[in-house]
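The values are calculated or read from the model by the stated rules, or taken from the named source; none is laboratory data. Since this is a predicted model, take the numbers as computed values, not measurements. Counting neighbours? That spans all protein chains shown, and the Cβs are built from the backbone with ideal geometry, glycine included. Ligands, DNA and RNA are excluded from the accessible area calculation, which covers all protein heavy atoms including side chains. Shrake-Rupley method; radii C 1.70, N 1.55, O 1.52, S 1.80 Å.
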Amino acid sequence: MRTEQKVAVDPAHADEPAGAPGTRTDAAPKQEIRLERLTPEYWRVTVDNPPFNIFGPETIPQLNSVITQIETDPKVKVVVFQSAVPGFFLTHYDFVPPLSATTGISPGATGLPALPDMLVRLSRAPVVSIVSIRGRATGVGSELSLASDMRFASREKAVLSQWEIGAGLVPGGGPMARLPRLIGRGRSLEILLGAQDISGDLAERYGYVNRALPDAELDQFVETLARRIAGFDKQAIAAIKRLVDIPTLPSDIEIGAEWGAFLDSAHRPQAQQNIKRLMEMGLQTKPEVEKRLPYYTGTLAQ
């Protein structure tokens with residue numbers, strides 16, 4: 001697995017160290033993830049990084065802290081992930097900092113690099129994880145959803161996608177290992193190679209999410225289910241989840257291979273050129289581009 005630390009996905013930062021001026025790492029990070037303990041047994045995690053809920057190296061220690069608390073708290077039984085940013089659940093990786101800002105982070109408890117480590121630990125935690133998807137779950141947002149135990153989507157407002165191939169990248173957060181176990185080979189390849197937006201309704205039909213509900217009913221449904229689970233015995237919850245994990249979760253080797261493939265793809269000149277062109281079009285700055293990624297990645301091939 002390659003871990004070179006002086007090659008950035010955005011060529012403008014190719015030779016900058018992680019803390020170079022002009023990157024977000026030269027200032028104190030803002031709080032992008034909020035943890036609320038609604039009861040000792042039921043927690044809520046809110047992603048709040050406007051305008052697009054982009055996931056970057058500054059997000060990693062914040063999410064890691066949340067997952068560590070989920071793993072180690074003796075009382076929590078269920079955690080719901082949601083977004084505070086209209087139109088966006090959680091989107092792709094931040095291409096402004098150099099890639100070294102991420103590859104320079106030490107491996108996690110599993111021995112995997114930081115992002116796949118956190119997703120693997122979330123899947124295996126003795127706590128039920130639920131995502132409530134309202135808005136775009138693109139790239140890392142889709143991967144966090146796939147790593148969670150259950151996924152519920154707004155019928156009108158949820159959009160899921162693995163957009164990376166449109167920029168010449170290989171997804172790094174485990175979708176090639178997780179999607180086929182959920183929806184089968186053909187539909188997985190359609191999502192990963194077609195790189196199109198998947199609506200809440202289609203995601204439900206494919207099995208990408210558990211259910212798509214009318215937007216007005218989503219919050220109450222998730223709240224009712226979470227509180228119901230939170231009332232059950234924690235040891236029984238953990239035992240059931242552990243036994244379901246055996247036939248359904250991918251191995252660390254599979255997950256690690258995807259991160260290695262992502263790094264390999266990110267170092268290729270074509271991918272760096274594609275990201276540069278997308279940034280020039282308005283990736284990470286213009287709502288039109290973030291909301292229509294399949295269209296803009298499609299223009300790269302023209």
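Which of these values of mean projected area of the Cα convex hull in nm² was calculated from the structure shown: (i) 25.7; (ii) 17.4; (iii) 14.4? Read-out taken from this structure: (iii). Nearest 5 percent is fine: what portion of the DSSP beta bridges confined to the range 33-174 is antiparallel? DSSP beta bridges in the range 33-174 are roughly 20 percent antiparallel. Judged by the mean number of other Cβ atoms found within 10 Å, the most tightly packed of the peptides 49-61, 70-82 leads the ranking 49-61, 70-82. Split the accessible area of the chain by element, probe 1.4 Å, and carbon with sulfur accounts for 56%.
Solvent-accessible surface of the chain, averaged per residue with a 1.4 angstrom probe and all protein chains in place: 42 square angstrom. Candidate cross-link partners of K234 among the aspartates and glutamates, defined by an alpha-carbon separation under 12 Å and a same-chain spacing of 8 or more, comprise E41, D73. Using C-alpha pairs below 8 Å separated by at least 6 residues, the relative contact order for the range 25-89 is 40 percent.
Measuring between alpha carbons in the structure, the pairs from K77/K291; K75/K291; K30/K75; K241/K286; K30/K241; K75/K157 lying more than 30 angstrom apart are K77/K291; K75/K291; K241/K286; K30/K241; K75/K157. With contacts taken as Cα pairs under 8 Å and at least 6 residues apart, the chain reaches a relative contact order of 20 percent. Site pair Q270 and T72 shows an inter-label distance of 4.5 nm when each label is modelled 7 Å from Cα along Cα→Cβ.
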